[in-house]
Amino acid sequence: MTSLQQETKAEKRNYTWQLLTIFIGFIIFGLSENIKGPAIPRMQLQFHLDEGQLGTLLSLNSLGYLLACSFTGLLVRKFGMKVVTVLTFVIMFLSGVLVWLSYSYTWLIGSNFVLYIGNGMLEIGLAILGARIFTKNTGTMMNLSHFFYGISSVVAPLLATGLMSISLFGYDVDWRMMYLIVLALSLIPIVPALLSRFPGDDIKAEDRKSFKTLMRDKSLWLLIAILTFGVVSELSVGGWLVNFLEKSYGWTTIAASSMLSSFFIGFSLARLFLGPIIDRVGFTVSIIGVSMIAAISTFIATLGGENYAIFFAIAGFGVAPIYPTVMAFISKRYPNDSDVVIGFVATVMGLGSVIGNYLIGIIIKGVKNAYGADTSLALTRGLQAGYLFIGVCALLCSLLAVVMYRYLKKRNELI
């Protein structure tokens, strides 16, 4: 075997380890974020938590997540991709141990705060890693990576419920043990991470743009707005769809949950199959198209009535590619600064999505009061208005992508 062949074989092996790190990492990310659904009622019952205390717990989770988004890119730049990747998976595992030891509300808050710092570091770290590795077929590989997040998000509640219904070594698995078991899986991707060589850590300071220069880039702020509205239209569905179908159409919990599952199936299929099309059509044009599909589908489903409810699932096919396609865009437009850009974009986007979800609640309450507050019609109209706002967010995502397209085309910088 020649030295060139040996070098090629080593590169292929390294790429395999890199892919395993990213794909397993996204599986862990999806599991860790979505096992809380079945666990929260049990936490609430055990610690006698009222709605305010539960809200505090979830709010501090979001704070930990946003905090991690703000500093992960800087850690990568200072200590390197491998160190931060391994550290992130270790933090995820340790958070599982801390949850397992949670026998008070205060300890529960602290352990969840650590968990969501790990989640934030994991999301940003995987995004930076993908931006550095996927230099070819970027749209395809970014969407494929996030497909693993979508699949594990579907599996997570089922896994959590299943674990909490069994016994191990004569002990019933409670929500604490369930967290420990699931988060112990974070140790698995440490192996391929240690065996990988990650590119990008050797970029010289003079090859990077200053933070001030990046902030003057109009396309960066357009990107933040596009991603914020896109993520609001994506994440809001999990919180509002079942509620909407149950209270507006009188669906059973099983039927409404099945529609939510259909949304995530469409969501996962889009990330699995649309990547090659996105690479061929272009990132900006693709965002225009998929977000418009999401907006139109949401409007039809909300205004068309129960017979058009299937369009809620079709909307999932539209919103799914937005986030990974924006990450692919960043990797191409800011190849030497993707670590800082992704961290900054994710932090501002996170704040924007919190505000967006708050506005949905305000809209529902306001319209409900306008129709008489306590009637079933008032509730239906309020929920419709809230869900229409989700569609408006998808529409604004598409329109802002049009602005981005014109801006980049005028400068001959289309990606």
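I need to check one value: relative contact order of the chain, counting alpha carbon pairs closer than 8 Å and at least 6 residues apart, in percent. Walk me through the numbers on the way to the answer.
Values: 597 pairs, mean separation 94.9, N = 415.
The normalised contact order for the chain reaches 23 percent.
For ASN243 and THR16, what does the FRET efficiency come to when R0 = 30 Å and r is the distance between their Cβ atoms, rounded to the nearest 0.05?
Values: r = 43 Å, r/R0 = 1.44.
Calculated value: 0.10.
Order these peptides, 93-106, 20-33, 249-262, 148-161, by their mean beta-carbon neighbour count within 10 angstrom, highest first.
Numbers: 93-106: 17.6, 20-33: 23.0, 249-262: 14.6, 148-161: 19.4.
Top to bottom by mean Cβ count within 10 Å: 20-33, 148-161, 93-106, 249-262.
Given a Förster radius of 41 Å and the C-beta distance between THR161 and ILE362 as r, what FRET efficiency does 1/(1 + (r/R0)^6) yield to the nearest 0.05? If you can, show how the numbers build up before the last one.
Working: r = 33 Å, r/R0 = 0.80.
After rounding to 0.05, the efficiency reads 0.80.
Roughly how many nanometres apart are two label points built 7 Å out from the Cα toward the Cβ at ASN137 and THR8?
1.8
Which whole-number percent gives the relative contact order of region 212-410, counting Cα pairs below 8 Å spaced six or more residues apart? Before the final figure, lay out the partial values.
Details: 253 pairs, mean separation 71.4, N = 199.
Across region 212-410, relative contact order equals 36 percent.
Quick one, could you list the DSSP H helices from the chain stretching 20 Å or more along their long axis (Cα atoms) with average Kyte-Doolittle hydropathy of 0.0 or above? List each step's numbers first, then the result.
On the way: long enough: 3-34 (47 Å, -0.11); 51-79 (41 Å, 0.78); 81-100 (29 Å, 2.16); 105-133 (41 Å, 1.10); 138-163 (36 Å, 0.99); 218-249 (44 Å, 1.04); 253-273 (30 Å, 1.40); 283-303 (30 Å, 2.03); 338-370 (46 Å, 1.33); 376-410 (51 Å, 1.16).
Span-like helices here: 51-79, 81-100, 105-133, 138-163, 218-249, 253-273, 283-303, 338-370, 376-410.
List the extent of the Cα atoms of region 212-410 along each of their three principal axes, largest first, rounded to whole Å.
55, 33, 27
Within the set of other residues whose C-beta is less than 15 Å from the C-beta of HIS146, count the net charge using Lys and Arg as +1 and Asp and Glu as -1. If you can, show how the numbers build up before the last one.
Numbers: positive: ARG271; negative: GLU33, GLU123, GLU234, ASP279.
Spelling it out: positives minus negatives among the neighbours equals -3.
Of (1) 21.1, 67; (2) 21.8, 80; (3) 22.3, 70, which one was derived for Rg and Dmax of the Cα atoms in Å from the structure shown?
(2)
Which percent of Cα-Cα pairs in region 39-143 sits in each 5 Å bin, short to long?
2, 12, 19, 19, 15, 12, 9, 6, 4, 1, 0
With an 8 Å Cα cut-off and a minimum separation of 6 or more residues, compute the relative contact order for region 10-193 in percent. Walk me through the numbers before you get to the answer.
Details: 215 pairs, mean separation 77.2, N = 184.
It comes to 42 percent, rounded to a whole number.
Computed from the coordinates by the stated procedures, all read-outs in this text should not be read as laboratory data. This structure is a prediction, so every number in the text was calculated from the model and none was measured. All Cβ positions, glycine included, derive from the backbone under ideal geometry; neighbour counts span all protein chains shown.
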